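The values are calculated or read from the model by the stated rules, or taken from the named source; none is laboratory data. All values reported here derive from a predicted model rather than from experimental measurement. Every residue, glycine as well, gets a Cβ built from its backbone with ideal geometry; the counts of neighbours run over all protein chains shown. Just the protein is used for accessible areas: all its heavy atoms, side chains included, with ligands, DNA and RNA removed. Shrake-Rupley method; radii C 1.70, N 1.55, O 1.52, S 1.80 Å.
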Number of protein chains: 2
Amino acid sequence: MATLKDIEVAAAINILTAFAFFVAFAILRLQPINDRVYFPKWYLKGLRSSPLNSGAFVGRFVNLDFRSYIRFLNWMPAALQMPEPELIDHAGLDSAVYLRIYLVGLKIFVPITFLAFAIMVPVNWTNVTLEHSNLTYSDIDKLSISNIPIGSHRFWTHLVMAYVFTFWTCYVLKKEYEIVASMRLHFLASEHRRPDQFTVIVRNVPPDPDESVDELVEHFFLVNHPEHYLTYQVVYNANRLSNLVKEKKKLQNWLDFYQLKYSRNQSMRPSSKTGFLGLCGERVDAIDFYTSKIENLSEEIASEREKIISSPKSIMPAAFVSFKTRWGAAVCAQTQQSRNPTIWLTEWAPEPRDVYWDNLANPYVSLTIRKLIVAVAFFFLTFFFMIPIAFVQSLANIEGIEKAVPFLKPIIETKVIKSFIQGFLPGIALKIFLIFLPAILMLMSKFEGFISISALERISATRYYIFQFINVFLGSIITGTAFQQLDNFIHQSANDIPKTIGVSIPMKATFFITYIMVDGWAGVAGEILRLKPLIIYHLKNFLLVKTEKDREEAMDPGTLGFNTGEPQIQLYFLLGLVYAVVTPILLPFIIVFFGLAYVVYRHQIINVYNQEYESAAAFWPDVHGRIIVALVVSQLLLMGLLSTKEAAQSTPLLLALPVLTIWFHIFCKGRYEPAFVRYPLQEAMMKDTLERAREPNLNMKGFLQNAYMHPVFKEGDDSESDVASGDGNQEPELVPTKRQSRRNTPLPSKHSGSVSSLPEVQEHAQLL
Amino acid sequence: MATLKDIEVAAAINILTAFAFFVAFAILRLQPINDRVYFPKWYLKGLRSSPLNSGAFVGRFVNLDFRSYIRFLNWMPAALQMPEPELIDHAGLDSAVYLRIYLVGLKIFVPITFLAFAIMVPVNWTNVTLEHSNLTYSDIDKLSISNIPIGSHRFWTHLVMAYVFTFWTCYVLKKEYEIVASMRLHFLASEHRRPDQFTVIVRNVPPDPDESVDELVEHFFLVNHPEHYLTYQVVYNANRLSNLVKEKKKLQNWLDFYQLKYSRNQSMRPSSKTGFLGLCGERVDAIDFYTSKIENLSEEIASEREKIISSPKSIMPAAFVSFKTRWGAAVCAQTQQSRNPTIWLTEWAPEPRDVYWDNLANPYVSLTIRKLIVAVAFFFLTFFFMIPIAFVQSLANIEGIEKAVPFLKPIIETKVIKSFIQGFLPGIALKIFLIFLPAILMLMSKFEGFISISALERISATRYYIFQFINVFLGSIITGTAFQQLDNFIHQSANDIPKTIGVSIPMKATFFITYIMVDGWAGVAGEILRLKPLIIYHLKNFLLVKTEKDREEAMDPGTLGFNTGEPQIQLYFLLGLVYAVVTPILLPFIIVFFGLAYVVYRHQIINVYNQEYESAAAFWPDVHGRIIVALVVSQLLLMGLLSTKEAAQSTPLLLALPVLTIWFHIFCKGRYEPAFVRYPLQEAMMKDTLERAREPNLNMKGFLQNAYMHPVFKEGDDSESDVASGDGNQEPELVPTKRQSRRNTPLPSKHSGSVSSLPEVQEHAQLL
């Protein structure tokens, strides 16, 4: 068991690592050459232009202003300065609310930590149980519940504290739910007009022998919503077309690469082979080859586009139906249309960017079957993922490699390398699996048939959380694979399960403290460095970039990654709540994580990430629900732990806690969740009336006509203009935001009252 | 353990009992004096008048036509003859669909029984396991799974049969759900205009300092549903008034009693005492006393009525809001109105008869707290109800009685009486509790705040089912109180619980067979005799009845009693499904129950019961869900049983069954349940358009103005006219039904092609 000293050493190492990352970040971000890696968001919004065009030659790539290196941490206050309403304007409500998750962590755990250190640590510390026992123990354990003698009356403190912590957590959760719900409603009803406010997606349009899908949709809504129906847009099956477009883009990249190569070295026209990966096949002139291939593909794309638009077969039984008023859309989205509840399914259309086009045409029966298949697959993935990995591990041993590639034998047999391989190989299969896990979960969700990217990410996040809960949290406490645990749990009584886990909890505190420091501290600090995008950007920049536009494409701003990020945060909530009563010493580490992550992600959201969609914080019920789960788990485990301490009289009292917590959850669900699922008519009517008064002659039909068009159709024929027009149309609501931000954004330099050392601010000021 | 012979004896006894009930019924129902007990439904519909007025004196009371006694069982075919659409017209959709539950039982179990007897009985019978073992066993056990040797390959038969039975049950359930859903939609959209098609109930109207509730409601809906809103009716808090009216009715009964007494014996004016129950206090002239008291009360009622209508304080924050079209109502009922999802709650208004007026004004927070309280209370009721009963039992022993009433000691000490008391007393507290259980559950539901009687009955039925499942089903299999079971289950592993129960199941077959015969056969036959209403009617008839109207009031047609009846049926589904694979000999007994009950209840629904409300079969999702629960339970128990038989290789295969069954349930829920919760706009629009075309000048406002008035306000001031006008208004939709029924009802006599021996048909014919 680790002593306080071990923890100190680990903390020192991790703090140093985090510090090193921050220093590296501070230096790298000040170099103009990296500007597009660390401030892509501003480029995308058109508020920043490349620094490479101005100034002296060296100054274009390296920042020579030494003063700017001195205040290398002042991005932190800068990140915190942007007020929340502006942040919503700048990065969307999703991002702003995502940051609130970290704030909730701070709000919950800061008071709990103070209370725990003021009351529980003295209660635990002033015992001599561990000193008098024959057990080996560490100083950490002296601060934990393990130090209390069996059957002691001091357990009443823990019981009361469990109540206090629960009530505090619920209080914070309720407040926060209230705030987020009102933020969402305010955002949805904001004066800004968006196509999804007026549009409903209709799925499972029934086949009709006499009418085509588009006629059917038009007639149905003309009849059943006569006063509100405005227009519709059918959904084309454009999966093949979008594959062709992707293919063309790839070829275009190769062409660019060879053209750049030729322009640098005019003496020799580059050549390539036509076969697999350019490794085999006939040798041809690369530029000619790709030019002709692209031409062919362009023709194919044009004909495919023609075919889709003209053929009725490519119309899917789904449509986007738009209404004259928000009221009409709100009514249609919330009601059942047909006798048969599995056809004419209506729901709010996701934002145009957010639509996942491939899934729009699944019939009801297929959806339920897919749901079953995914549920079973996920069960096996969670509990039996170790089986294929163990199989791969058994293959990938030294002997196996020596047999497969005998000529490597002498190298492998070297002692150092051998031990390295033996230590490294078994883990590598697992590591690869864990890296690909989010992608696998995402694939599952896509197969299940959700129609918006935000829904896909939400459901993937839920699955990732379950996986982490079982395999990381439970897996670390009761060592063994998930399947072994499952087997144990089936053979244990409902009473024994919390006991088994509860008893192991205090012993694992040091492990989790280390985990928090590595994953939470150093990991978060590493996030800000963006090593992978940095390398990829410079590679692309070197190999492909010819014009400013190419450089824009080479940027990879990335997104928040809700499907992996949020479950990660939830693990900290779980650890914090479970250990709050048992081993309070763990709490400060969690607070540091929440604080650090808040600053880092706020900075990233302002300067880097470019959200692909806006779901108006639709994920908050999930976040809330998972914190509640963590709370209930912590209560059950405490019950299990206390029941082994012969503090039996307290267990019935603890039993009330999960009941109350679950009731609180039901209460919140009824009180706030509708705001995330439905859209109140009162709001819609208010907005409609206002709008009618202000813009009586508004051409709604023109506004909505092409809002929901498959992105492939929006792109121009020329690949050069693809991105520009595509992006422009894909994010229609960014246009006014740009104006606002330009007007409102306070310059950080002016606020801090000093001459800014940040080049981006200078750029910004120049632009204005 | 019971042998086949014991079962035969029990069967003989129960068949004889049932037979005796039927004979008694056949004789009693033919007596004109009992006509109102056995055919009240026809009186209520005005299709039958009292036979006491016509014919010779004796013939008025006793049926002297001996021919009619010969065919004493021909009420059975008569009950089956009325076709379903006519039954819906006659008794409502609820009753017609309720009968379908029995039909589902027959549809599921008849084929299963044939299959089980053709395949499983031979497989079980042709073993010698029990003969070679040292266990005592009965012939019944030889037919059951117990006779198969451990580890035998014959268990594959049971496995395959479990699959076949599950698929068959699911198939029947799906078909039936489909039929009931379409019956409901057809019923709701039938051409018949009903106020609840146009009306929505709004609850939690927020308080407003400037406007009263009625102004607020009018304004809110004028603004937010401008094109569809028609009118509203506020809800008055008339609980005190209705208590006064009830009180007055009771006094009126006493007055009638004394007046009748006086008219029979003119020599002495009756007198009574003013104190408690007429046992103490001053002696007064009874007629004068009650007359003056009723006068006072009438004045009080009048002033209270005045007060309620004039005072704004008695208006509750709820209202019935009516719309011009069904479409408008459907939209309002299915959408969220306000930003805050806990105010302006809208849902379909229940039928006027179905409204539970007392619960209309509960705010949201109070509702969720009540929910928590009731959930906890129900948990304790289910698992700990034995504690107070055991306490009462410990008090009510011989010694206790002797101490309390010492003068009875000599009598009690008599041997016969002593042993009788000792055998009887401990049971009596339990029996009383069980008799009052449905009422207790109903009280709980009322406290929880449901706003319609049908919802109250549905939720009570669910709780009653849970109670029966735990205390009757599990309680009989693993003997012991529910609390002991709970304690056992907590200390057993998830794996062991189905094993423990599964192993006991074959041994309890004979017990359940006896249970089915007593409760199912004799009990159902007893239902048709209506002993309690018979006695009460004759008592009332003798003591109170002066006029034909009084006699009408003395009738007690009763209702189906969904809250107790349906859980009872579900127990048979559970038994049937659990024993289908294990001990198929039990199945024929269940089939007899379903068949018999179907005939008996069909007769009762046609001739006796008067449904208090019409929920349009809103209970079907519950019925469906509970059969699914029974199916899953049977699968889990079979798994437990087989795992002890060392047929381990089959257990994983069985595991797929509950997964598939639950998936099937989710599928059905999505496919059919919306028909029971929402109202499709297409239907509403169709109906509205039709109606507009047919009756363009319809005065909807007049039709809806007073549809939802508290029943106390509808009753006239004179108690004589109370019932007449009250009933007339309370069931506005019965009026046209009456006409239809008169026109369409085919006379059973004509159908059967013989001279009818049923007096009601003759009456009926005379009326026409």
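Quick notes
- Looking only at residues in the range A:164-207 that are assigned to a loop (DSSP other than H, G, I, E, B) and either within 25 Å of A:V623 (Cβ to Cβ) or away from chain B (no Cβ under 14 Å) (or both), the one that is least open to solvent (accessible area, probe 1.4 Å) is A:F198.
- Residue ID - farthest from the chain's Cα centre (by Cα), chosen from residues in the range A:628-657 that are within 14 Å of another protein chain (Cβ to nearest Cβ) and open to solvent by less than 10 Å² (accessible area, probe 1.4 Å): A:G640
- Residues that are open to solvent by 60 Å² or more (accessible area, probe 1.4 Å) and more than 11 Å from chain B (Cβ to nearest Cβ), drawn from the range A:675-697: A:L690, A:R692, A:A693, A:R694, A:E695, A:P696, A:N697
- Residue match in the range B:602-618 (condition: open to solvent by 30 Å² or more (accessible area, probe 1.4 Å), within 24 Å of B:P557 (Cβ to Cβ) and either assigned by the TED database to the domain that holds B:P85 or not hydroxyl-bearing (S, T, Y) (or both)): yes
- The lone exception for B:V374 - which of (1) open to solvent by 40 Å² or more (accessible area, probe 1.4 Å); (2) at pLDDT 85 or above; (3) in contact with an Asp or Glu (Cβ under 8 Å, 6 or more places away or on another chain) it fails: (1)
Let's see how each residue does on (1) within 13 Å of chain B (Cβ to nearest Cβ); (2) more than 15 Å from A:Q233 (Cβ to Cβ); (3) over 35 Å from the mean Cα position of the chain (by Cα):
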position	(1), (2), (3)
A:R283	no, yes, yes
A:S292	no, yes, yes
A:T325	yes, yes, no
A:G328	yes, yes, no
A:T335	yes, yes, no
A:A349	no, no, no
A:R353	no, yes, no
A:L360	no, no, no
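- Failed condition for B:S267, given (1) in a helix (DSSP H, G or I); (2) modelled with pLDDT under 80: (1)
- Selected residue [more than 16 Å from the chain's Cα centre (by Cα), closer than 22 Å to B:F384 by Cα and not polar (S, T, N, Q)] from B:I451, B:I470, B:I535: B:I470
- Test: residue in the range A:217-240 that is within 14 Å of chain B (Cβ to nearest Cβ), under 28 Å from the mean Cα position of the chain (by Cα) and among the polar types (S, T, N, Q): no
- Scanning the range B:201-214 for residues that are closer than 15 Å to A:Q682 by Cβ and in contact with an Asp or Glu (Cβ under 9 Å, 6 or more places away or on another chain) yields B:V202, B:D208.
- Subset of the range A:658-674 that is among the aromatic types (F, W, Y), facing chain B (nearest Cβ under 9 Å) and open to solvent by less than 50 Å² (accessible area, probe 1.4 Å) - its residue that is nearest to A:V578 (Cα to Cα): A:F667
- Close Cβ contacts (under 6 Å, 6 or more residues apart or on different chains) running from residues in the range B:114-127 that are in the same structural domain as B:H153 (by the TED database) to residues that are open to solvent by 70 Å² or more (accessible area, probe 1.4 Å) comprise B:V123/B:R154.
- Within the range B:549-568, the presence of a residue that is within 14 Å of chain A (Cβ to nearest Cβ), open to solvent by 10 Å² or more (accessible area, probe 1.4 Å), touching a residue at least 40 places away in the same chain (Cβ under 8 Å) and more than 17 Å from B:Y598 (Cα to Cα) is excluded.
- Residues of the range A:493-531 that turn out to be surrounded by fewer than 22 Cβ atoms within 10 Å (Cβ to Cβ), among the small types (G, A, S) and more than 28 Å from the chain's Cα centre (by Cα), as a count: 3
- Conditions (1) farther than 30 Å from B:V632 by Cβ; (2) not aliphatic (A, V, I, L, M); (3) not in a helix (DSSP H, G or I); number of the one not met by B:S152: (1)
- Failed item in (1) within 14 Å of chain A (Cβ to nearest Cβ); (2) modelled with pLDDT of 75 or more, with B:Q492 passing the rest: (2)
- When B:K701 is tested against the conditions (1) out of contact with any Ser or Thr (no Cβ under 9 Å at 6 or more places or on another chain); (2) part of a helix (DSSP H, G or I); (3) more than 14 Å from chain A (Cβ to nearest Cβ); (4) open to solvent by 80 Å² or more (accessible area, probe 1.4 Å), the lone failure is (1).
- Members of the range A:217-245 found to be part of a loop (DSSP other than H, G, I, E, B) and under 23 Å from A:Q337 (Cα atoms), listed by number: A:H225, A:P226, A:E227, A:H228
- Of all the numbered requirements in (1) more than 27 Å from the chain's Cα centre (by Cα); (2) away from every other protein chain (no Cβ under 14 Å); (3) at pLDDT 80 or above, B:A618 misses one, and that requirement is (1).
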